[in-house]
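The values are calculated or read from the model by the stated rules, or taken from the named source; none is laboratory data. Quantities reported herein were computed from a predicted structural model and do not represent experimental measurements. As a convention, Cβ positions derive from the backbone with ideal geometry for all residues, glycine included, and neighbour counts pool all protein chains shown. To get the accessible areas, we keep the full protein, side chains included, count just its heavy atoms, and leave off ligands, DNA and RNA. Shrake-Rupley method; radii C 1.70, N 1.55, O 1.52, S 1.80 Å.
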Amino acid sequence: MDLSPLRIALFSGNYNFVKDGANQALNRLVGFLLANDAAVRVYSPVTDTPAFPPTGDLVGVPSIPFPGRPEYRMVLAVPPRVRRDLARFAPNIVHVSAPEQLGHYAVGYARRRDIPAVASVHTRFETYPRYYGLAFLEPVLTAIIRRFYRRCDALVAPSESFAQILRDQRMNYDVGIWSRGIDQAQFNPNRRSLEWRRSLGVGDDEVVIGFLGRVVMEKGLDVFAETIDRLEARGVKHRVLVVGDGPAREWFARRLPSAVFTGFQGGADLARAVASMDIFFNPSVTETFGNVSLEAMACGIPVVAALATGSDTLVVDGVTGRLVRPGAIAAFADALGGLCQDAERRAAMGAAGVGEAERYDWDRINASVAETYLRVIRNRALGGGPPRTSPVP
């Protein structure tokens, strides 16, 4: 795929200083673009202790810790040094990954120079306030985000279900799909290790219910904990394995005192941890795709997830796992309890998940983003104007 006409300025609020599914996808995208002769320049906050090396040329933008969540960074202003670097690079398309201050600057830059802007949408930002007792802010935040996305030429979302939500919310009407891929050389059933489980004090015959991801409230930790309480009240035998770290770990550990916490795992260690589960439980409704669910499926682990964006496209209910109405504690407990007590069904769902995961090839997926870039550039060249700045009712 010849992408040499592309000069892409990518703006990310977190390109590599905290490891999550979104920024790993962005780094994979940049690697694909560079391998196909596109020019890419990345602008993002940086730290002295990044979670992983960045792919491509990264220009650091000054930032401060985000209030209340110091592991994340926020940009207050874009200094002349960065503006000069951007002018020298002279992009013909801008890609923004979040509706924060740096993203707003990037979209404004694109509009002033009459070049197209594409936004990738990685999470349901408007839902975050409800997890911190600030649900009344959701309509205001939704309106702010809508104005941001309406100034972009096109959006790309990880799943069709989420893309439709964006259309229904009038965020934009040009919404394509940028799905997620899986490295099956890394994530596969052969990574399962009973020896590793034993080292954690988990018996070979114990059914492990796993959590994987950033340990933050918006991942549905309250629903997870309440569901485990229900299983314990019913006398369903199980063990809980929490893989990951984050600011809510202490709270989660207090709620689940008998759980095993491994902390952050990466690379082969992460694949081993996932494959060593027996059921993966993902009650989050903020996911837009569910990389963690795909990783579990590739490892042959059945998934119990909320019937929400991302999961409803990825998990086939009754085949690769179970989908449950968001927040339905009793129904989640029913689904988990049934799988805990039926090893044959777990094995059948796990095998089906491996087959489903094979469809998610990274190169094909990233090529769809490059095609979106080329399409919006052609549209501008043919006389298409920039997006309207005011929302359409």
For the range 51-67, give me each residue that is outside any strand (DSSP E or B) and without any contact (Cβ under 8 Å) to a residue 24 or more places away in the chain.
PRO62, SER63, PRO67
Out of ALA51, ALA9, report the one residue that is farther than 18 Å from ALA110 by Cβ, touching a Lys or Arg at 6+ places or on another chain (Cβ under 6 Å) and open to solvent by less than 60 Å² (accessible area, probe 1.4 Å).
ALA51
Being open to solvent by less than 10 Å² (accessible area, probe 1.4 Å), more than 17 Å from the chain's Cα centre (by Cα) and of a type in the set (Phe, Trp, Tyr) is the filter here; which residues of the range 246-291 pass it?
PHE252
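Yes/no matrix, rows are residues, columns are (1) assigned to a strand (DSSP E or B); (2) modelled with pLDDT of 95 or more; (3) not hydroxyl-bearing (Ser, Thr, Tyr):
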| residue | (1), (2), (3) |
| --- | --- |
| MET1 | no, no, yes |
| VAL18 | no, no, yes |
| ALA22 | no, no, yes |
| LEU26 | no, yes, yes |
| ARG41 | yes, yes, yes |
| ASP48 | no, no, yes |
| ALA77 | no, no, yes |
| ARG81 | no, yes, yes |
| ASP85 | no, yes, yes |
Restricting attention to strands (runs of 3 or more DSSP E) lying wholly within the range 239-283, give those where 2 or more residues are among the hydrophobic types (A, V, I, L, M, F, W, C) and touching a residue at least 60 places away in the same chain (Cβ under 8 Å).
279-282
Just checking, how many residues over the range 79-104 are under 16 Å from PRO45 (Cβ atoms), in contact with a Lys or Arg (Cβ under 9 Å, 6 or more places away or on another chain) and in contact (Cβ under 8 Å) with a residue 60 or more places away in the chain?
1
